[in-house]
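To keep things clear, I will list the structure first and then write my remarks on it.
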Amino acid sequence: MAIPALQGWHPGEVAIQRQLGYATAVSSHWTAVENQLREQHQLFHTSKLPFIPLTTTDADGRPWAGIVAGSTGTVGFVESPSLKSLVFRARLWDGDPMLETLREWKPLEDDQTKGPILQERLLTAGLGIEFSTRRRNKFAGKIDMVKARSDQDYDFGVDITEALGNCPKYINVRQLDPYPWAKPHIAYQSLHMAPTEGLPDEVIDMIKSADTVFVATIHRTDPASAATFPSHAGMNSRGGFPGFLRVRPSDRRSIVLPDYSGNRFMSSLGNIESSGLAGFTIISFTTGDILYLTGTARNLVGLSALEMMFRHATVTVLETTGFTLVRNALPLRQRNGSEVGRSPYTPKVKYLVEEGETYAGRMQGHKAVLETGMQLSIDLAVFRFKVVSKSGVQPLRLRPGQAIVLDFMDWIGPPQYQHMADSAPGSINDDRVRTWTVSSAHEGIDVAWFELTMREMKGGVVTTALFNLLRMSPPNRRDYPVSLKGNAVSDIIGVTGDFALNKEEVNLLLIAGGIGVTPFLAMLNALSKREKAARGDIVLVLSTREPDAMLTLIRRAMGKVPPTVTVKIDLFTSRPLDLDTRTLKHENTSLSVFKGRVGPEYWKPSAREKEVFICGPKAFADAAVEGLRAIGVPSEKIQREGFY
């Protein structure tokens with residue numbers, strides 16, 4: 001019969017729970033950790049998993065996350081003789097830290113004088129994840145049997161002391177197939193890095209492109225609390241969008257991991273509070289490459305975290321002291337043609353303060369005050385904001401096509417804690433920060449106001465709040481601005497985007513899918529304001545289900561196009577046009593209407609001479625890129641911006 005494995009949260013866990021304000025809410029939740037596997041977890045580990053990450057420590061006491069699998073990459077390499085034990089029949093590879101522990105196991109067991117570090121080397125913890133379903137379960141214990149079948153093939157057992165069913169909230173879904181042809185080889189290794197040594201470019205690129213990291217930790221007890229809170233290992237995973245892990249440019253070795261809302265146990269971060277150490281392991285599921293990292297670690301909460309990572313109040317920083325990159329190691333691969341299923345709970349990627357002014361909050365001192373709104377359709381509107389700046393701050397500048405980052409936290413307030421929210425998963429980590437392309441043009445001047453053309457997102461907290469203001473403010477008539485003064489204020493966090501109009505003569509092909517027309521509104525508006533200084537030729541390809549609303553926006557943005565600029569609009573739509581299109585047809589402007597979608601036959605070789613900008617949904621943009629490449633448009637001439 002399973003009983004609680006713990007006698008309470010250990011001091012490190014309590015410390016981080018208190019810092020985050022969770023201590024009271026989770027004070028008794030340690031009872032969820034049981035002292036043995038459940039039968040369903042026995043079945044899970046033995047019949048569902050092709051590999052398992054396991055924590056081990058090296059001779060210096062540093063935790064690493066090893067990757068343990070069978071020789072063929074299939075399930076069934078684990079047996080469970082009892083609820084208290086797992087037995088692994090594994091093939092490891094040079095460079096994996098678990099292999100070194102297994103090779104040294106006999107001397108460790110025979111050493112009757114071993115101290116705490118040597119004892120810790122027998123501690124382990126594992127995390128079983130079925131990536132196709134997001135099911136996951138954790139266990140911890142001690143290696144209690146090792147038998148070498150060859151230099152890299154080992155049978156070993158784990159005596160289970162802790163087990164816990166675990167939250168699958170941020171796991172990225174993958175279809176994995178066995179790949180028994182893996183031929184592991186060490187590409188980079190520095191187990192004891194010099195104080196000023198940085199990580200190689202390839203290693204940094206792998207970290208910054210990862211969407212999953214396995215986190216190895218250790219709770220190191222002290223003699224006074226050893227009986228109540230004995231030393232133990234921990235294993236966990238963190239998932240996000242590619243780029244959620246950041247590397248500090250200043251030292252090229254400190255890895256910053258954001259903490260997302262979870263069950264609030266804080267076991268991994270608690271172990272880091274206890275030992276000041278952690279190990280990160282990253283797998284490329286397409287190539288089989290595995291990156292192992294270890295080092296000193298610290299948790300940052302509140303202001304110290306915000307000074308490290310833009311708009312994120314809890315982060316863990318691993319300062320790497322040792323690493324190994326093994327190529328072609330994992331005996332599994334992501335199935336050909338399959339796509340990664342992103343968790344709906346995953347927050348957007350956040351950047352480090354030192355990564356640049358776009359994300360560093362250097363725009364602090366500016367606020368955006370909502371002035372007017374103009375409804376174009378049931379879920380499409382233009383909102384105008386006034387910029388209010390503190391004395392002495394750097395003026396706000398925007399190039400046509402760039403986006404602005406706004407923080408609505410003070411206006412809307414923070415979300416209430418929920419562990420899961422299936423009806424609105426994005427609300428769990430919602431920081432009320434939004435990014436929109438500015439649809440008005442402010443070329444070469446300090447920005448005193450700006451306009452955002454936006455669509456109301458179903459379930460979107462910020463867009464719904466803005467549209468509700470507009471609906472409740474009489475008189476609300478289509479295509480007429482309504483005063484909304486004093487209702488909404490946001491902090492301007494920054495300006496972002498290289499998707500912008502240059503100042504020279506233009507020769508552009510602008511391709512927009514629906515609301516993706518917004519950056520092109522700013523570009524057309526800027527050319528109109530250049531008057532006689534404007535020069536160029538523009539083809540705007542627009543695919544939309546709302547032709548009247550979109551053409552109204554375009555007509556408003558263009559104003560009177562200078563005679564030195566030619567604008568050709570090719571509109572693709574399945575809906576009838578009610579708008580009088582004569583206002584869009586002049587000596588230097590034209591409109592052609594096509595029924596249906598933009599097909600591959602539309603693209604002509606003349607596009608090879610133009611600079612191409614694409615903005616729209618992913619599938620639309622992918623099709624446009626494919627069509628352009630088919631007629632020979634080089635990739636370097638195609639700039640793309642998307643929304644998802």
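The values are calculated or read from the model by the stated rules, or taken from the named source; none is laboratory data. The structure presented is a predicted model; accordingly, all values stated were derived computationally and were not measured. Note that we place each Cβ from the backbone using ideal geometry, even for glycine, and neighbour counts take in every protein chain shown.
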query: Tally time: how many residues in the stretch 430-444 are at pLDDT 90 or above and among the β-branched types (Val, Ile, Thr)?
result: 2
message: Among the listed residues Leu577, Leu584, identify the single one that is at pLDDT below 85 and hydrophobic (A, V, I, L, M, F, W, C).
response: Leu584
- request: Within the stretch 436-478, track down each residue that is assigned to a strand (DSSP E or B) and surrounded by fewer than 18 Cβ atoms within 10 Å (Cβ to Cβ).
  value: Trp449
query: Here is a list of conditions, (1) more than 30 Å from the chain's Cα centre (by Cα); (2) part of a strand (DSSP E or B); (3) not aliphatic (A, V, I, L, M), and Asp177 meets all of them except one; can you say which number that is?
result: (1)
message: Residues to consider are Val462, Val489, Val405; find the one that is at pLDDT below 85 and outside the structural domain of Gly21 (by TED's automatic domain parsing).
response: Val405
message: On the basis of being in a loop (DSSP other than H, G, I, E, B), β-branched (Val, Ile, Thr) and either crowded, with 18+ Cβ neighbours inside 10 Å or at pLDDT 90 or above (or both), does Val561 make the cut?
response: yes
task: Under 8 Å between Cβ atoms, at least 6 apart or on separate chains: pull out the pairs that start in the stretch 275-288 with a residue that is without any contact (Cβ under 8 Å) to a residue 40 or more places away in the chain and end on any residue that is assigned to a strand (DSSP E or B) and crowded, with 22+ Cβ neighbours inside 10 Å.
output: Gly276/Ala297
Within the stretch 182-203, considering residues that are in contact (Cβ under 8 Å) with a residue 40 or more places away in the chain and farther than 16 Å from Thr321 by Cβ, the one surrounded by the fewest Cβ atoms within 10 Å (Cβ to Cβ): Lys183
task: Within the stretch 330-340, identify whether any single residue is crowded, with 20+ Cβ neighbours inside 10 Å and either within 23 Å of Met193 (Cβ to Cβ) or at pLDDT below 95 (or both), and answer yes or no.
output: no
query: Can you spot a residue in the stretch 145-161 that is modelled with pLDDT under 95, of a type in the set (Asp, Glu), assigned by TED's automatic domain parsing to the domain that holds Thr324 and under 30 Å from Ala5 (Cα atoms)?
result: no
query: In the stretch 180-233, which residue that is touching a His at 6+ places or on another chain (Cβ under 6 Å) and assigned to a strand (DSSP E or B) is nearest to Glu130 (Cα to Cα)?
result: His232
query: Quick check, is Pro178 surrounded by 15 or more Cβ atoms within 10 Å (Cβ to Cβ), modelled with pLDDT of 90 or more and either more than 28 Å from Val33 (Cβ to Cβ) or touching a helix residue (DSSP H, G or I) at 6+ places or on another chain (Cβ under 6 Å) (or both)?
result: yes
query: Taking into account only those residues within the stretch 591-613 that are of a type in the set (Gly, Ala, Ser), in contact with a strand residue (DSSP E or B) (Cβ under 7 Å, 6 or more places away or on another chain) and modelled with pLDDT of 90 or more, which is farthest from Ala500 (Cα to Cα)?
result: Gly596
- request: Identify, by number, the condition in (1) closer than 30 Å to Gly8 by Cβ; (2) modelled with pLDDT of 95 or more that Ser190 doesn't meet.
  value: (1)
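Tell me, please, whether a residue that is part of a strand (DSSP E or B) and either among the basic types (Lys, Arg) or not assigned by TED's automatic domain parsing to the domain that holds Gly401 (or both) can be found in the stretch 616-636. Spell out the reasoning first.
Residues of the stretch 616-636 that are part of a strand (DSSP E or B), as a first pass: 616.
Now restrict to residues that are either among the basic types (Lys, Arg) or not assigned by TED's automatic domain parsing to the domain that holds Gly401 (or both): 616.
Checked against the condition, which is being part of a strand (DSSP E or B) and either among the basic types (Lys, Arg) or not assigned by TED's automatic domain parsing to the domain that holds Gly401 (or both), the stretch 616-636 yields at least one hit.
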- request: Would you please name the residue that is modelled with the lowest pLDDT, looking only at residues in the stretch 104-139 that are surrounded by 14 or more Cβ atoms within 10 Å (Cβ to Cβ), acidic (Asp, Glu) and more than 14 Å from Ile218 (Cα to Cα)?
  value: Glu109
- prompt: Is there any pair linking a residue in the stretch 543-566 that is within 17 Å of Val506 (Cβ to Cβ) to one that is of a type outside the set (A, V, I, L, M) and assigned to a strand (DSSP E or B), with Cβ under 6 Å and at least six apart or on different chains, and which?
  reply: Val561/Thr589; Val565/Gly536; Thr566/Asp537
- prompt: If you go through the stretch 473-482 one residue at a time, do you hit one that is closer than 23 Å to Gly413 by Cα, in contact (Cβ under 8 Å) with a residue 40 or more places away in the chain and in the same structural domain as Asp407 (by TED's automatic domain parsing)?
  reply: yes
message: As an exercise: evaluate Ser483 against (1) in contact with a Lys or Arg (Cβ under 7 Å, 6 or more places away or on another chain); (2) within 28 Å of Ser389 (Cβ to Cβ); (3) not β-branched (Val, Ile, Thr) and give the number of the one condition it does not meet.
response: (1)
- prompt: Is there a residue in the stretch 33-47 that is closer than 25 Å to Thr221 by Cα, among the charged types (D, E, K, R) and part of a strand (DSSP E or B)?
  reply: yes
- prompt: Take the residues of the stretch 280-289 that are surrounded by 19 or more Cβ atoms within 10 Å (Cβ to Cβ) and more than 20 Å from the chain's Cα centre (by Cα): which is nearest to Ala59 (Cα to Cα)?
  reply: Asp289
message: Restricting to the stretch 515-535, name every residue that is surrounded by fewer than 20 Cβ atoms within 10 Å (Cβ to Cβ) and either in contact with a strand residue (DSSP E or B) (Cβ under 6 Å, 6 or more places away or on another chain) or within 20 Å of Leu571 (Cα to Cα) (or both).
response: Ala534
